1. Testing I10 on (1) surrounded by fewer than 16 Cβ atoms within 10 Å (Cβ to Cβ); (2) within 12 Å of the chain's Cα centre (by Cα), one condition comes back false. Which one is that?
2. Going by the structure shown, is V122 of a type in the set (V, I, T) and either within 9 Å of ligand 1 (Cβ to nearest atom) or within 18 Å of S43 (Cα to Cα) (or both)?
3. Would you pick out the residues in the stretch 79-102 that are aliphatic (A, V, I, L, M) and within 10 Å of ligand 1 (Cβ to nearest atom)?
4. What about Y24, is it touching a Leu at 6+ places or on another chain (Cβ under 7 Å), surrounded by 12 or more Cβ atoms within 10 Å (Cβ to Cβ) and closer than 24 Å to A130 by Cα?
5. State the number of residues belonging to the stretch 106-143 that are without any contact (Cβ under 8 Å) to a residue 24 or more places away in the chain, open to solvent by 70 Å² or more (accessible area, probe 1.4 Å) and not in a helix (DSSP H, G or I).
Amino acid sequence: MAIERTFSIIKPDAVANNNIGAIYNRFETAGLKIIASKMVHLSKEQAEGFYAEHSERPFFGALVAFMTSGPIMVQTLEGENAVLAHREILGATNPAEAAEGTIRADFAKSIDENAAHGSDSVASAEREVAYFFSAEELCVRTR
Ligand code: RTP
Ligand code: MG
């Protein structure tokens, strides 16, 4: 199995609800190691750039408004098949459709405020990690 890196955001709703630790616990229980982490409050420009692929979608304005509504936690996670493993514990975009026991089923209220983000491919992960972290901020975990 390939060791991959993926990118995670704990979104403003989950930070406001004091669910940072509970969600970190899900990562670690799934075997995903946190190799970089910080709290940030996105500017409108940063949120628009991060979600640029959705700029023509009808929900784009609401998505940017939500993502700038409060601080978020951004993480780089590392582990076996990390991109898919992380998406699996995250659950479906709409928490009403998310499998039982997933992060979105347990911590999200709606499709617009859905607790967390996870990269959807290795290529997206590389772009997203680099959007928030310099190479020096990515720690080497040997154990
Ligand atoms: P994310 O990027 O945040 O991890 O979510 P995702 O891959 O599961 O979903 P994506 O298609 O990338 O959409 C990004 C965020 O936009 C909002 N959204 N709303 N109303 C809608 O139909 C709709 N579709 C997407 C969600 O908040 C989603 O997380
Ligand atoms: Mg996405």
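The values are calculated or read from the model by the stated rules, or taken from the named source; none is laboratory data. Note that this is a predicted model, so its numbers are computed, not measured. Neighbour counts run over all protein chains shown; Cβ positions are idealised from the backbone, glycine included. These accessible areas exclude ligands, DNA and RNA; they are computed on the full protein's heavy atoms, side chains included. Shrake-Rupley method; radii C 1.70, N 1.55, O 1.52, S 1.80 Å.
1. Condition not satisfied by I10: (1).
2. Working: of a type in the set (V, I, T): yes; either within 9 Å of ligand 1 (Cβ to nearest atom) or within 18 Å of S43 (Cα to Cα) (or both): no.
When the stated conditions are applied, V122 does not pass them.
3. Filtering the stretch 79-102 down to residues aliphatic (A, V, I, L, M) leaves 82-85, 89-90, 92, 96, 98-99.
Once the filter is applied, which keeps residues that are aliphatic (A, V, I, L, M) and within 10 Å of ligand 1 (Cβ to nearest atom), the stretch 79-102 yields L90, A92, A98.
4. Details: touching a Leu at 6+ places or on another chain (Cβ under 7 Å): no; surrounded by 12 or more Cβ atoms within 10 Å (Cβ to Cβ): yes; closer than 24 Å to A130 by Cα: yes.
Answer is no for this residue.
5. 3
Conditions tested, residue by residue: (1) open to solvent by 50 Å² or more (accessible area, probe 1.4 Å); (2) more than 15 Å from the chain's Cα centre (by Cα); (3) more than 28 Å from A135 (Cα to Cα); (4) within 16 Å of ligand 2 (Cβ to nearest atom).
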{"position": "K33", "(1), (2), (3), (4)": "yes, no, no, no"}
{"position": "K38", "(1), (2), (3), (4)": "yes, no, no, no"}
{"position": "S43", "(1), (2), (3), (4)": "no, yes, no, no"}
{"position": "A47", "(1), (2), (3), (4)": "no, no, no, yes"}
{"position": "Y51", "(1), (2), (3), (4)": "no, no, no, yes"}
{"position": "R57", "(1), (2), (3), (4)": "yes, yes, yes, yes"}
{"position": "F60", "(1), (2), (3), (4)": "no, yes, yes, yes"}
{"position": "T68", "(1), (2), (3), (4)": "no, no, no, no"}
